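A.B. asks: Okay, here's the structure, questions in a sec.
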Amino acid sequence: MSSPCHVFKTGKHTVKLISVHQEDSQSSASSPPPKPLLVSAPCEEGEFPVLVFLHGFVLYNSFYSQLLQHISSHGFIVVAPQLYTIAGPDSSEEISDAAKTTDWLINGLVHILPNHVQPNLNKLAIAGHSRGGKVAFALALGYAQTSLTFSALMAFDPVDGMDKGKQTNPPILTYIPHSFELKMAVLVIGSGLGGLKKNIFFPPCSPKGVSHQDFFDECKSPACHLVAKDYGHLDILDDETKGIRGKATYCLCAHGKAREPMRNFVGGAMVAFMRAYLEGDMGDLWSLRDNPELAIPVAVSIACFQD
């Protein structure tokens, strides 16, 4: 059995972070993106698979810069749109905007990447965190149409509302086991502390009944479910998140002792999953499956793999 430990560490590629604004005109050959973007890409010459990553509720895409760079260092281009800065309970508009951003990749992405870096849009994945995880599921389920085809879906602590029966529009969960008609492999990662209250003033950030377990229960194989026992809903964010919103991320949700271990775990699991289902290399993922206690660098309470 090969060791997958390297996926939880920084990869071999040098990475460049690129901010793209709607008013920017990087090239006369492309139009500006529908939404501002944070793009993380390898700098070395080559063709790389692409991941669209969707941020959580009222969070900035820049809060995920360390996670995005971890993934890119292993040979992936990550495109993270800023879908909104202020939002209500309805996520229909951001589902539509995520679809438009995905279609923009066809003609727009190559013009903002480093020289000699080419996106392989035949190897495309979608991922999201929190409400962004719900949006990723919605897009994969066809709630909005795209011209491109996703081959893998990943969600960290996806949230479909406040509680069962209090889902936000459009509701994604049906509470019918294995009911999701998805034509792709799915990775669902949960936080063991996400269902706990940080204090008496705020509800859990990942309430039971509308979170990772419920999403996984509706997936068909191939699907994987990993839950990090001692970490919280926002522990995949950067070590330092600035501004009022950034400071709030330390106060709203139950959290672990540090963010780096959880972020490296999530990034590594995503890399192993994309290698398996975008590139056909199952080795790292099967190592996680066959011996999760030794292979995974954080304590996991659930490690379920449905082939």
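A.B. asks: Test Ala138 against the criterion of being crowded, with 20+ Cβ neighbours inside 10 Å, within 22 Å of Gln167 (Cβ to Cβ) and aliphatic (A, V, I, L, M), and give yes or no. So that I can check it myself, show each step before the final result.
C.D. replies: Numbers: crowded, with 20+ Cβ neighbours inside 10 Å: yes; within 22 Å of Gln167 (Cβ to Cβ): yes; aliphatic (A, V, I, L, M): yes.
Considered against the rule, which asks whether it is crowded, with 20+ Cβ neighbours inside 10 Å, within 22 Å of Gln167 (Cβ to Cβ) and aliphatic (A, V, I, L, M), Ala138 comes out as yes.
A.B. asks: While we're on this one: Restricting to segment 55-78, give me the number of residues that are open to solvent by 10 Å² or more (accessible area, probe 1.4 Å), among the hydroxyl-bearing types (Ser, Thr, Tyr) and in a helix (DSSP H, G or I).
C.D. replies: So the answer is 2.
A.B. asks: Can you tell me which residue is most open to solvent (accessible area, probe 1.4 Å) among those in segment 273-307 that are more than 30 Å from Pro203 (Cα to Cα) and part of a loop (DSSP other than H, G, I, E, B)?
C.D. replies: Among them, the one singled out is Asp307.
A.B. asks: What are the residues in segment 165-198 that are in a loop (DSSP other than H, G, I, E, B) and closer than 30 Å to Lys257 by Cα, if any?
C.D. replies: Once the filter is applied, which keeps residues that are in a loop (DSSP other than H, G, I, E, B) and closer than 30 Å to Lys257 by Cα, segment 165-198 yields Gly192, Leu193, Gly194, Gly195, Leu196, Lys198.
A.B. asks: Only one residue in Asp214, Asp230 is part of a loop (DSSP other than H, G, I, E, B), among the charged types (D, E, K, R) and out of contact with any Ser or Thr (no Cβ under 7 Å at 6 or more places or on another chain), so which one is that? Don't jump to the end; show me each part of the working.
C.D. replies: On the way: Asp214 fails: part of a loop (DSSP other than H, G, I, E, B).
Of Asp214, Asp230, the one residue that is part of a loop (DSSP other than H, G, I, E, B), among the charged types (D, E, K, R) and out of contact with any Ser or Thr (no Cβ under 7 Å at 6 or more places or on another chain) is Asp230.
A.B. asks: Taking the criterion of being farther than 20 Å from Phe180 by Cβ, charged (D, E, K, R) and not in a loop (DSSP other than H, G, I, E, B), would at least one residue in segment 234-257 satisfy it?
C.D. replies: Taking segment 234-257 first, the residues farther than 20 Å from Phe180 by Cβ are 234-257.
Right, trim to charged (D, E, K, R) and you get 235, 238-240, 242, 245, 247, 257.
Within this subset, residues satisfying the condition of being not in a loop (DSSP other than H, G, I, E, B) are 245, 247.
Scanning segment 234-257, I find at least one residue that is farther than 20 Å from Phe180 by Cβ, charged (D, E, K, R) and not in a loop (DSSP other than H, G, I, E, B), so the answer is yes.
A.B. asks: Could you please let me know if Val135 is in contact (Cβ under 8 Å) with a residue 60 or more places away in the chain and either in contact with a helix residue (DSSP H, G or I) (Cβ under 8 Å, 6 or more places away or on another chain) or assigned to a helix (DSSP H, G or I) (or both)? Steps first, please.
C.D. replies: On the way: in contact (Cβ under 8 Å) with a residue 60 or more places away in the chain: yes; either in contact with a helix residue (DSSP H, G or I) (Cβ under 8 Å, 6 or more places away or on another chain) or assigned to a helix (DSSP H, G or I) (or both): yes.
Yes; evaluated as a whole, the condition is true for this residue.
A.B. asks: Also: (1) over 17 Å from Ala99 (Cβ atoms); (2) in a loop (DSSP other than H, G, I, E, B); (3) among the basic types (Lys, Arg): which one isn't true of Lys123, the others all being true?
C.D. replies: For Lys123, the exception is condition (2).
A.B. asks: Here are Ile176, Ile189, Ile172: which of them is modelled with pLDDT of 95 or more, within 24 Å of Lys229 (Cβ to Cβ) and among the β-branched types (Val, Ile, Thr)? Spell out the reasoning first.
C.D. replies: Details: Ile176 fails: within 24 Å of Lys229 (Cβ to Cβ); Ile172 fails: within 24 Å of Lys229 (Cβ to Cβ).
Every option except Ile189 fails the conditions.
A.B. asks: Continuing with this model, one more query. Within the set of pairs 6 or more residues apart or between chains, which connect a residue that is on the phi > 0 side of the Ramachandran plot inside segment 209-223 to a residue that is among the basic types (Lys, Arg) and surrounded by fewer than 23 Cβ atoms within 10 Å (Cβ to Cβ) with Cβ atoms less than 8 Å apart?
C.D. replies: Gly209/Lys164
A.B. asks: Got at least one residue in segment 79-98 being in contact (Cβ under 8 Å) with a residue 60 or more places away in the chain, among the β-branched types (Val, Ile, Thr), touching a Leu at 6+ places or on another chain (Cβ under 9 Å) and open to solvent by less than 10 Å² (accessible area, probe 1.4 Å)?
C.D. replies: yes
A.B. asks: Something else: Starting from residues that are under 21 Å from Asp217 (Cβ atoms) and touching a Phe, Trp or Tyr at 6+ places or on another chain (Cβ under 7 Å), keep the ones in segment 263-307 and report whichever is modelled with the lowest pLDDT.
C.D. replies: Here the residue is Arg289.
A.B. asks: Quick one: which of Met270, Met262 is surrounded by 14 or more Cβ atoms within 10 Å (Cβ to Cβ), part of a helix (DSSP H, G or I) and in contact with an Asp or Glu (Cβ under 7 Å, 6 or more places away or on another chain)?
C.D. replies: On the way: Met270 fails: in contact with an Asp or Glu (Cβ under 7 Å, 6 or more places away or on another chain).
Testing whether each residue is surrounded by 14 or more Cβ atoms within 10 Å (Cβ to Cβ), part of a helix (DSSP H, G or I) and in contact with an Asp or Glu (Cβ under 7 Å, 6 or more places away or on another chain) leaves just Met262.
A.B. asks: Turning to a different aspect of this structure: Restricting to segment 257-289, name every residue that is basic (Lys, Arg), more than 14 Å from Ala125 (Cα to Cα) and more than 13 Å from the chain's Cα centre (by Cα). I'd like the intermediate steps shown before the answer.
C.D. replies: As a first pass, look at segment 257-289 and keep what is basic (Lys, Arg): 257, 259, 263, 275, 289.
Within this subset, residues satisfying the condition of being more than 14 Å from Ala125 (Cα to Cα) are 257, 259, 263, 289.
The answer is Lys257, Arg259, Arg289.
The values are calculated or read from the model by the stated rules, or taken from the named source; none is laboratory data. Predicted model only: the values in this text are computed from it and were never measured. Glycine also receives a Cβ, built like all others from the backbone with ideal geometry; neighbour counts cover every protein chain displayed. Ligands, DNA and RNA are excluded from the accessible area calculation, which covers all protein heavy atoms including side chains. Shrake-Rupley method; radii C 1.70, N 1.55, O 1.52, S 1.80 Å.
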